[in-house]
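> Let me begin by handing over the structure; questions about it come next.
The values are calculated or read from the model by the stated rules, or taken from the named source; none is laboratory data. Just so we're clear, the structure is a prediction, and the values are computed from it rather than from any experiment. Cβ placement follows ideal geometry from the backbone for every residue including glycine, while neighbour counts extend to all protein chains displayed. For accessibility, only protein heavy atoms count, side chains too; no ligands or nucleic acids. Shrake-Rupley method; radii C 1.70, N 1.55, O 1.52, S 1.80 Å.
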Amino acid sequence: MSVSNLLSQYGDRYIQALLTTWKLTAFSFAAAFALGVLITILRVCPIKPLRIAGDFYVQVFRNIPGAALLILLVYALPYLKIIFSYEVCVLIATTLIPSAFCSEHLMSGMNTIAPGQIEAARALGLTFFQMIRRIVIPQALRSTVLPMTNLLVATMLTTSLASQVPMRPMDLTGLVSYINTHATGGVTAFAISAALYCATALLIGFTGSLIDRKVRILR
Amino acid sequence: MNMETPVIELRHVDKHFGLLHVLKDISLKVYRGEVVVILGPSGSGKSTLCRTVNRLETIDSGEILIDGEPMPAEGRKLASLRAKIGMVFQSFNLFAHMTILDNLTLAPVDVLRIGKKEARMEAMRLLERVGVADQARKVPAQLSGGQQQRAAIARALAMRPEAILFDEPTSALDPEMISEVLNVMTSLASDGMTMLIVTHEMNFARKVADRVIFMDDGMIVEESDPEAFFLHPQSERARDFLNAVHSH
């Protein structure tokens, strides 16, 4: 099938799939970001068991393949009488894995903060949480805009996991499988999805560098 | 015998870095309004001593009292006692992501719970006093070293501290900027601020100190008024030190 054939026949579905991919990406990234910040605070807090738990979390979810995690969520959890919808399973998988990477980025962002600033914060009488909230996290975030931009793109690509379960509405990759089982879209069906992924990634990248230039800390 | 409670008191403080015994049975009192200068060769433990006062360095044994209250090793009580003691560092340590003004208002608002508006007014007054009010809206990297250090002094003052610790405040500065910082410190001293200063600026020490403490090898070797120390040092180590300093 040609591009124009595919678009005339599946155009609406492509748009719906693109919106689905965007929605999954936005929800996953927002949740991964919040979770990543939380895990990072655990990893630097004064209580050792919490630090160990934070490190363990990151090791687990940084190293587990997305497909394996999704299979566990969809097929293993029901044995524990925990049943989520396909969409929720996908969202959990595409949140947990990026959250580990988010935490790794934040840890490296923290390393850009001169230790003297931490001493100054302590000398001024700030508590641990005040220091984290006002000094550490803001600087870590502002120095990791570009890696976070990459993470957002990676999160979007990870949402293609949704194609592995019968989730409705379908995401961009899921739609390609659908088209190719109902007609012979061939590589062209993939190419359209790929172009949409690429366009989104370019948009994200552009926005990311814009933000980075605006918030980068002068040193 | 002075019966008043010292603002800062150290009792028999000992500290090791691994096998190195960096503070040996240090006892020290700083009274209200006093300017105490700690001198000594590199590695004598003077910086470490300064940093142990607000527990930026842990200690192995001994006691640290602020206004007669023992300083705990951690927790909220430690934070609230630290807030009473200002600190000025060699490398300024201003918060890089904030304007100078926000550097000054952060702790008064978050720690002392002073209103934002009041904190800003007070901050501007202090920046005026140290001569960097025109830099208030800039971030630290846009200021010279001397301006940053004066802003850092203003940040310490914004907490209305009982005393201020100075840990080699001019050692990272170009010569022409040293005097602008020392001038601010001199004016603080004449206003009656309690200060514990580690420095290599001998003329400054002689001019502002009420008392000089000479340290070597982790011990307080000599403690006297500045004239006596500079003219008639009692110990041989202090004589060697002063000769080395004055020989060029």
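> Among what's in segment B:105-117 and is open to solvent by less than 20 Å² (accessible area, probe 1.4 Å) and of a type outside the set (Val, Ile, Thr), pick the residue that is nearest to A:Ile217 (Cα to Cα).
If we take residues in segment B:105-117 being open to solvent by less than 20 Å² (accessible area, probe 1.4 Å) and of a type outside the set (Val, Ile, Thr), then B:Leu106 is nearest to A:Ile217 (Cα to Cα).
> Does segment A:93-108 include one or more residues that are over 15 Å from A:Asn150 (Cα atoms), at the interface with chain B (Cβ under 9 Å from one of its Cβ atoms) and of a type in the set (Gly, Ala, Ser)?
The answer is no; no qualifying residue exists.
> Quick one: in segment B:123-147, of everything that is in a helix (DSSP H, G or I) and among the small types (Gly, Ala, Ser), which residue is surrounded by the most Cβ atoms within 10 Å (Cβ to Cβ)?
Looking only at segment B:123-147, we keep the residues that are in a helix (DSSP H, G or I), and these are B:123-130, B:133-135, B:140-142, B:145-147.
With among the small types (Gly, Ala, Ser) added as a condition, the list becomes B:123, B:133, B:141, B:145-146.
On the way: B:Ala123: 26, B:Ala133: 16, B:Ala141: 11, B:Gly145: 17, B:Gly146: 21.
Filtering first and then ranking leaves B:Ala123.
> Just to check your reading of the model, which residue among B:Arg120, B:Arg150, B:Arg160 is within 30 Å of B:Lys29 (Cα to Cα) and open to solvent by 50 Å² or more (accessible area, probe 1.4 Å)? Spell out the reasoning first.
Numbers: B:Arg120 fails: within 30 Å of B:Lys29 (Cα to Cα); B:Arg150 fails: open to solvent by 50 Å² or more (accessible area, probe 1.4 Å).
Only one candidate passes the filter, namely B:Arg160.
> Here's another thing I want to ask about it. In segment A:163-219, how many are within 14 Å of chain B (Cβ to nearest Cβ) and among the basic types (Lys, Arg)?
Counting residues in segment A:163-219 that are within 14 Å of chain B (Cβ to nearest Cβ) and among the basic types (Lys, Arg) gives 3.
> Conditions: (1) open to solvent by 30 Å² or more (accessible area, probe 1.4 Å); (2) more than 14 Å from chain A (Cβ to nearest Cβ); (3) in a loop (DSSP other than H, G, I, E, B); (4) of a type in the set (Gly, Ala, Ser). B:Gly62 meets all but one. Number of the miss?
(3)
> How do the pairs read when you match residues in segment A:193-218 that are more than 15 Å from A:Thr149 (Cβ to Cβ) with residues anywhere that are in a helix (DSSP H, G or I) and of a type outside the set (Asp, Glu), using Cβ under 6 Å and keeping only pairs 6 or more apart or on different chains?
Sorted first by the residue in segment A:193-218, then by its partner, the pairs are A:Ser193/A:Leu172; A:Ser193/A:Val176; A:Leu196/A:Leu18; A:Leu196/A:Leu172; A:Ile217/A:Arg142; A:Leu218/B:Ala141.
> Taking the options B:Phe230, B:Phe214, name whichever one is in a helix (DSSP H, G or I), surrounded by 14 or more Cβ atoms within 10 Å (Cβ to Cβ) and of a type outside the set (Gly, Ala, Ser).
B:Phe230
> Only one residue in A:Thr112, A:Thr144 is surrounded by fewer than 17 Cβ atoms within 10 Å (Cβ to Cβ), closer than 24 Å to A:Leu42 by Cβ and within 14 Å of chain B (Cβ to nearest Cβ). Which one?
Among A:Thr112, A:Thr144, only A:Thr112 is surrounded by fewer than 17 Cβ atoms within 10 Å (Cβ to Cβ), closer than 24 Å to A:Leu42 by Cβ and within 14 Å of chain B (Cβ to nearest Cβ).
> Looking at A:Phe84 and the list (1) more than 30 Å from B:Leu104 (Cβ to Cβ); (2) buried (at least 20 other Cβ atoms within 10 Å of the Cβ), which single condition is not satisfied?
(2)
> On the basis of being farther than 26 Å from B:His97 by Cβ, open to solvent by less than 40 Å² (accessible area, probe 1.4 Å), of a type in the set (Gly, Ala, Ser) and in contact (Cβ under 8 Å) with a residue 12 or more places away in the chain, does A:Ala93 make the cut?
yes
> Follow-up question, since we're still on this one. Name the single residue, out of those in segment B:65-104 being closer than 29 Å to B:Leu39 by Cβ, open to solvent by 20 Å² or more (accessible area, probe 1.4 Å) and touching a residue at least 24 places away in the same chain (Cβ under 8 Å), that is farthest from the other protein chains (Cβ to nearest Cβ).
Residues of segment B:65-104 closer than 29 Å to B:Leu39 by Cβ: B:65-71, B:73, B:78, B:81-94.
From what's left, open to solvent by 20 Å² or more (accessible area, probe 1.4 Å): B:67-70, B:73, B:84, B:90-92.
Keeping just the survivors that are touching a residue at least 24 places away in the same chain (Cβ under 8 Å) gives B:67-68, B:84, B:90-92.
Details: B:Asp67: 14, B:Gly68: 18, B:Lys84: 8, B:Gln90: 8, B:Ser91: 5, B:Phe92: 8 Å.
Filtering segment B:65-104 for residues that are closer than 29 Å to B:Leu39 by Cβ, open to solvent by 20 Å² or more (accessible area, probe 1.4 Å) and touching a residue at least 24 places away in the same chain (Cβ under 8 Å), the one farthest from the other protein chains (Cβ to nearest Cβ) comes out as B:Gly68.
> Limited to segment A:36-63, what total is found for residues that are open to solvent by 40 Å² or more (accessible area, probe 1.4 Å) and within 12 Å of A:Thr94 (Cα to Cα)?
1
> Continuing with this model, one more query. Residue by residue through segment B:163-177, note down the ones that are part of a helix (DSSP H, G or I) and either surrounded by 16 or more Cβ atoms within 10 Å (Cβ to Cβ) or on the phi > 0 side of the Ramachandran plot (or both).
B:Met177
> Restricting to segment B:1-36, what's the tally of residues that are assigned to a strand (DSSP E or B) and either over 14 Å from B:Ile66 (Cβ atoms) or charged (D, E, K, R) (or both)?
Step one: of segment B:1-36, the residues assigned to a strand (DSSP E or B) are B:8-17, B:20-30, B:35-36.
Narrowing the set further to residues that are either over 14 Å from B:Ile66 (Cβ atoms) or charged (D, E, K, R) (or both) leaves B:9, B:11-12, B:14-17, B:20-27, B:29, B:35-36.
Within segment B:1-36, residues that are assigned to a strand (DSSP E or B) and either over 14 Å from B:Ile66 (Cβ atoms) or charged (D, E, K, R) (or both) number 18.
> Being open to solvent by 30 Å² or more (accessible area, probe 1.4 Å), more than 8 Å from chain B (Cβ to nearest Cβ) and among the β-branched types (Val, Ile, Thr) is true for just one of A:Ile137, A:Ile118. Which residue is that?
A:Ile118
> If you don't mind, there's one more thing I want to ask. Yes or no: segment A:164-178 includes at least one residue that is of a type in the set (Gly, Ala, Ser), open to solvent by 40 Å² or more (accessible area, probe 1.4 Å) and at pLDDT below 95.
yes
> So A:Met1 passes all but one of these: (1) within 26 Å of A:Thr181 (Cβ to Cβ); (2) assigned to a helix (DSSP H, G or I); (3) in contact (Cβ under 8 Å) with a residue 60 or more places away in the chain. Which condition number does it fail?
It is condition (2) that A:Met1 fails.
> With the structure loaded, tell me whether B:Leu182 is outside any loop (DSSP other than H, G, I, E, B) and in contact (Cβ under 8 Å) with a residue 60 or more places away in the chain or whether it fails that test.
So B:Leu182 fails the test.
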